[in-house]
Amino acid sequence: MAVTPPGTSAATADIRIDSHLDGAGGRSLADDALDGLTRPFKELPPKHFYDARGAELFDRICELPEYYPTRAERAILEQSAAEIARLTGAVELVELGSGTAAKTRVLLDALAAAGTLSRYVPVDVTESMVRECALALTSEYPGLRVHGVIGDFERHLDQLPEAEGPRIIAFLGGTIGNFPPGSRRRFLREIARLLGPEDHLLMGTDLVKDPSVLEAAYDDSAGVTAEFNRNVLRVLNRELDADFDPEDFEHVALFDRSNEWIEMRLRARREHTTHVRGLDLQVHFDAGEELRTEISAKFTPERLEGDLAAAGLELASWMTDPEGLFALTLSRRPSL
Ligand SMILES: C[S@@+](CC[C@H](N)C(=O)[O-])C[C@H]1O[C@@H](n2cnc3c(N)ncnc32)[C@H](O)[C@@H]1O
């Protein structure tokens, strides 16, 4: 498939794709690696997992018996999509971190059945995902226009197309949990600024539960999450000419009870030094030293309402699955 150069757009009758990514994966990878790998406690942000292979591994994670969030969120959508369509009257759905938009179809079906659906705006850092999703959805939903945005939702929210009517901004999959608390509120404020009086934020959040259930979801018995975690090292090797051996690192997933978040880490199996030639950087790892690759915060209703309120949003609807594993919330700016 053709690559759309950064800062450009390409369009057919039903599909328009804008790309805002630049070199080296365009995800500030070089900056993040330089910053994160030279800290006393090494760290990389999770957005760098998702090259095409990472996205494929994430899809496999969603099918794993231990990974309940996808099934729970889908169950909530199946139960509530018609009501969401009725409450919002949305003509368009903007989705941040859209991936393959697998669950999104439940929502698109409901908006189509309500007769309001006109446009879908997927936003993702993974170019192939945005393109494949645009092709698939325009053929599955006759008359639907797709305006894809290949970009980083932390940097490119101001590049979203103007709203064409009441819209839903969806942020599914519990991805909001990847932000530490302060950045989370800042990011929610940025989303809130995009909402007009008729718009809603639809957000999926994973809920606090038994740590053994949480840890199993991030450390599956088939080892798919471990491969996904190590994939970030392959991304660094390819994009920044590094020489990590992914097998030098062990996958670690643990629930931090005081912060109520899952941490994924990569633990060096032996002492070694890696060269990141693209950054002219040598990175030393002691045996047992850990590199943090993701946090995934878990929510209580109080934590979520506090975050929404801090962002100037009010809760319109709280939906959960029968087992209370996951929550979907609809929120909006309060009317004056
Ligand atoms: C946990 S997956 C969720 C995918 C899908 N929304 C779901 O619920 O199954 C996170 C998605 O967000 C994308 N993503 C992560 N960080 C991003 C960023 N900073 N900007 C844009 N997309 C991002 C990834 O490429 C991936 O498709």
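At-a-glance table
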read-out	value
Shape call, region 264-336: gyration tensor on alpha carbons, a/c limit 1.5	prolate
Distance histogram in 10 Å bins (all Cα pairs of region 77-153, percent per bin)	21, 53, 25, 1
Radius of gyration, Dmax [region 104-201; alpha carbons; angstrom]	14.0, 42
Average silhouette area of region 1-157, convex hull of alpha-carbon atoms, in square nanometres	10.7 nm²
Contour excess over end-to-end distance, with Cα ends at R270 and T38 and 0.36 nm allotted per residue	81.7 nm
Per residue accessible area in Å² of region 129-189, where ligands, DNA and RNA are left out and the probe is 1.4 Å	38 Å²
Cα-based reach from K298 at 18 Å (exclusive), listing lysines while leaving out same-chain residues under 8 positions away	K209
Accessible surface of the chain [probe 1.4 Å, protein heavy atoms]: carbon and sulfur percent	49 percent
Whole-number D in µm²/s for the chain (Stokes-Einstein; Kirkwood sum over Cα pairs; 20 °C, 1.002 mPa s)	104 µm²/s
Viscosity 1.002 mPa s, 20 °C: Kirkwood-radius Stokes-Einstein D of region 200-336 over Cα pairs, µm²/s	123 µm²/s
222 nm mean residue ellipticity, helices alone, for the chain (DSSP H n ≥ 4; -39,500 (n - 2.57); rounded to 500)	-10500 deg cm²/dmol
Calculated log₁₀ intensity ratio I(q)/I(0) where the Debye formula runs over C-alpha points of region 153-236, q = 0.16, 0.24, 0.25, 0.26 Å⁻¹	-0.84, -1.22, -1.26, -1.31
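The values are calculated or read from the model by the stated rules, or taken from the named source; none is laboratory data. Keep in mind that what you see is a predicted model, and the values were worked out from it rather than measured. When the accessible area is computed, the model is the full protein with side chains, heavy atoms only, and any ligands, DNA or RNA have been set aside. Shrake-Rupley method; radii C 1.70, N 1.55, O 1.52, S 1.80 Å.
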